[in-house]
Amino acid sequence: MKTRILKQLSAAAAGLALLATTACGAPAASTEASSAPAESAGFPLTMEHTMGSTTIGTVPKRVVALDPSYIDAALLLGADLVGYVQYRQDPKAPFAPYLGDVAKATKDSVNVGTLAEPNLEKILELEPDLIVSAKVRHEALYPQLSKIAPTIFSVSTGPTWKENVVFLGEALGKKDKAEELVKAYEDRAQKVGAEILAKKPDATYSLIRFTGGDTARLYSSKSFIGEIMTDMSIPRPKDAPDSEKEIFVPLSSEQILQGDAGLVMVSAFTPAGAEGDKAREQQAKFQSNPLWERLEGDVIDVDDATFLASVSIQGAHAVITDLAKHYGVDPQLP
């Protein structure tokens, strides 16, 4: 069966129609018996998700995560992450610093390709018993992935980062643990936010990001940083540009004062190469505009990979720690 699926995946990679292949089914999930009967309670588990219904036969022991937020969630929940997509520039440091020391947890984890193009053959070779991603990322690959192993997709990743931790937790038989970890983050955010507001009652924030286009991005209250600040009860300035649907509002260099706040966080997406060069050029152009000097708030540089791209509980904790340090308050470390 494995050989047959491998041929199908190779054909798909060669450009054949995704739905044209057929298979006799997915490779069998791990049959290793659990040493703790309680661990397998609730399995087989049938999960409803954005792509349909998936039955997970036993507690997943070999997980492949095809989105950065799910990589972080798998590590947060103590899953055996056997496969992950490359989402950082440095292949020698594939996991984000805000995760802490994950060397032991990832020593046997395998890179299965890029976020844009995961390698189906590598995933098959790992014999996973759970694959997790999002419709917004890999909708077209779902038919192939679901033939390899039970596969579950959320609709998105960024806007639903907290919900997705619980989603994966349910699939792992660790829903209670996932909910506890989300609540622990929310409790910490509330406590640090209260400390900041007690010290600076009029605190407000904005985050301006440079990505190389004609306009900068002013992140909305619906973005990752926006949700963290809401959890901390720190508001946007009154009448600041915002969006209920999009994660950012575009700002031209002439509109930059609309991004003013008590704290103005500034980041730039600067990967190696032309894309990063454009972002640096854009940032230099905006910051050389005389209007930039008229920003009244505390303007600080923040780490783009943490404040914008992490979209995870661990990344949110790192943001809270940095903000506590900036304001000189108790970080309420977990």
Original post:
Given the structure, is P235 surrounded by 15 or more Cβ atoms within 10 Å (Cβ to Cβ) and of a type outside the set (K, R)?
Top reply: yes
**OP:** Run G193 past the list (1) closer than 20 Å to W292 by Cα; (2) over 19 Å from the mean Cα position of the chain (by Cα) and report the number of the one that doesn't hold.
**Re:** (1)
Original post:
What helices (runs of 4 or more DSSP H) completely inside segment 157-252 contain at least 2 residues that are more than 28 Å from A79 (Cβ to Cβ) and of a type in the set (A, V, I, L, M, F, W, C)?
Top reply: 175-199
**OP:** Any chance you could count how many residues in segment 259-310 are farther than 23 Å from Q89 by Cα, assigned to a helix (DSSP H, G or I), touching a residue at least 60 places away in the same chain (Cβ under 8 Å) and small (G, A, S)?
**Re:** 0
Subject >> So V264, is it under 23 Å from L197 (Cβ atoms) and outside the structural domain of D90 (by TED's automatic domain parsing) >> reply: yes
Original post:
Pairs, please: C-beta under 6 Å, at least 6 apart or cross-chain, first residue not assigned by TED's automatic domain parsing to the domain that holds G315 and in segment 100-119, second part of a strand (DSSP E or B) and polar (S, T, N, Q)?
Top reply: N111/Q86; T114/Q86
**OP:** Could you check A324 against (1) part of a loop (DSSP other than H, G, I, E, B); (2) over 20 Å from the mean Cα position of the chain (by Cα) and say which number it fails?
**Re:** (1)
Original post:
Mind checking whether some residue in segment 135-148 is of a type in the set (S, T, N, Q), at pLDDT below 95 and at negative phi?
Top reply: no
**OP:** For residues that are of a type in the set (S, T, N, Q) and over 22 Å from A316 (Cα atoms), scanning just segment 89-111, find the one that is surrounded by the fewest Cβ atoms within 10 Å (Cβ to Cβ).
**Re:** N111
Original post:
Does Y205 qualify as being over 19 Å from the mean Cα position of the chain (by Cα), within 19 Å of H326 (Cβ to Cβ), crowded, with 17+ Cβ neighbours inside 10 Å and of a type in the set (F, W, Y)?
Top reply: yes
Subject >> Pick from segment 291-323, criterion polar (S, T, N, Q) and over 14 Å from G226 (Cα atoms), ranking: surrounded by the fewest Cβ atoms within 10 Å (Cβ to Cβ) >> reply: T321
Original post:
Across segment 266-284, what is the total count of residues that are farther than 12 Å from S206 by Cα and surrounded by 14 or more Cβ atoms within 10 Å (Cβ to Cβ)?
Top reply: 9
Subject >> Candidates K147, K183, K199 - the one that is more than 22 Å from Y87 (Cβ to Cβ), among the basic types (K, R), in contact (Cβ under 8 Å) with a residue 40 or more places away in the chain and not assigned by TED's automatic domain parsing to the domain that holds R236 >> reply: K147
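The values are calculated or read from the model by the stated rules, or taken from the named source; none is laboratory data. Since we're looking at a predicted model, the values are computed, not measured. When we count neighbours, we look across all protein chains shown, and the Cβ atoms used for this are built from the backbone with ideal geometry, even at glycine.
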